[in-house]
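A short worksheet on the structure shown next.
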Amino acid sequence: MKVLICAAGSGGHIYPALAVAAALQRMCAATAITFLSTRRQIEQEIFQHSGYPVIAVAAPPLPQRNGRNTLFFCLRIFAFLLQLGGVSVTVTRILARERPDIVVGFGAWGSCIPVMVAAVMRIPAVIHEQNVLPGRANRFLASWCSRIAVGHAQTARYFRRPAVITGNPLRPGITARDPASAAAFFGLKHDGVMLLVFGGSQGSRFINTAVAAAVGLLDPRLRQRLRLLHIAGAADCEMVQGRYAQLQVTARVFAYLHEIDYAYSAGDLVICRAGAATLNELAFFGLPALLIPYPYAQAHQVENARVVEQAGAAVLIAQDDHAAQRLAVQLTILINDENLRQRMAQASRMFYEPSAAEKIAAVVRGASGRGSSGAQARARAGHT
């Protein structure tokens, strides 16, 4: 079977795609997999050591309307459509050359044209939505694909067609480690409350400043119990380190951390964003969290955080001027209440589906004509 997987935009789309690719090859070692992505640097860095062939196609950004200049916006739309036409021709040539048995899309606009072209060429296609609230790309593609897979049960109601609830695949290479050994990796003893803080691969200035301010608001006796692992990003690393030094807090601050599984394994509590991949990793490690969802990008993270909070696994902290004060209040409660942290950890584990990658791979094989109901799906897609 030849599979073309479309994954672009961020690690939140690419890492689950890599996990599904590995699951497909575990099911059948002869499966040939090619990735289709855009030319963004972050995508190329992730794919660099994946071992899979990657075809990069320039994808024009979706125009955003700023201000009231309607004529200028219309011109941008016209230019976007011209670029889109060129990309469509390129993708059509790629599919004609590669002749995949199935195309798999993991959201973002990088999946749109390949899935649409596959439908026109009568090649089956599957999409997977990781967030609770589906993105515009996947909602649009729902009528073009053969099957829909979703990470959360709540997501299925947003599609008019039935969706298979698969869960979200874990990033490849993530491994749970002994907490004491993981803390020792950072030169720390696991003798207090280990707080892990991060705001994405590039860091988050809002989270960096809010957490540093919140730690400063804590009772000095609580600060002495904290052990901080803070991934601040290159721009803020020195500032955050200096602030913790002033507060005399035991902290390790990083611009970026490749060994994130050590940090998760050492952690007792996390402050972070609420991307689907991040929440899945918190669930795998069973970690309670204070979530500060990124408030933009169609509010995907806000909806993700609400579902986790309703289950008792996290507390949602809005990104506003009062975030530091609310963080300080919640940190005080959670540092002092180990039983509450354990209850939240148990609730977090309920969101992890260990066989998510295999479930999505089974959907892909079925839609391609290689699963138990695949022959019927293949016939509907026009293959004989």
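Just so you know, all these numbers are worked out from the coordinates, no wet-lab data involved. These numbers were taken from a predicted model, which means no experiment stands behind them. Note that each Cβ is placed from the backbone with ideal geometry, even for glycine, and that neighbours are counted across all protein chains shown.
Here the residues 290, 36, 81, 71, ranked from fewest to most Cβ neighbours within 10 Å of their Cβ, fall in the order 71, 81, 290, 36. Evaluated with a Cβ-only charge set (Lys, Arg +1; Asp, Glu -1), segment 208-295 carries a dipole of roughly 320 debye about its Cα centre, given to the nearest 20. Charge tally around residue 141: other residues with Cβ under 15 Å, Lys/Arg +1 each, Asp/Glu -1 each, net +4. What net charge do the residues around residue 213 carry, taking every other residue with its C-beta under 14 Å from that of residue 213, with Lys and Arg at +1 and Asp and Glu at -1? Here the charged neighbours net out to +1.
Measuring nothing but how far apart in sequence close Cα pairs (under 8 Å, 6+ apart) lie, relative to its length, the chain scores a relative contact order of 16 percent.
Among 13, 300, 322, the largest mean-square fluctuation in a Gaussian network model of the chain (Cα springs under 10 Å) belongs to 322. Taking the helices alone, the chain has a mean residue ellipticity at 222 nm of -14000 deg cm²/dmol, built from -39,500 (n - 2.57) per DSSP H run of at least 4 residues and averaged over all its residues.
Taking amide H as placed 1.01 Å from N in the peptide plane, the amide H of residue 125 sits under 5 Å from that of 103, 146, 147, each at least 5 places away or on another chain. With springs only between Cα atoms under 10 Å apart, run a GNM on the chain and tell me which of 292, 94, 165 wobbles the most. Highest fluctuation among the options: 94.
Per-residue HN-Hα couplings for segment 14-20, Karplus 6.51 cos²θ - 1.76 cosθ + 1.60 at θ = phi - 60°, whole Hz, x for Gly and Pro? Whole-Hz 3J(HN,Hα) from phi for segment 14-20: 7, 4, x, 5, 5, 5, 5. Give me the angle, in degrees from 0 to 90, between the Cα long axis of helix 205-217 and the longest principal axis of the Cα atoms of the chain, rounded to the nearest 10. The answer is roughly 20 degrees.
In the elastic network of the chain, a GNM with C-alpha springs shorter than 10 Å, the most mobile of 138, 69, 336 is 69.
The amide H of residue 197, built 1.01 Å from its N in the peptide plane, has 229, 230, 231, 271 as neighbours under 5 Å, considering only residues 5 or more places off or on other chains.
The longest stretch of the chain left intact once loop-based trypsin sites (Lys or Arg not before Pro) with at most 13 other Cβ atoms within 10 Å are removed from consideration, loops following DSSP, is 190-384.
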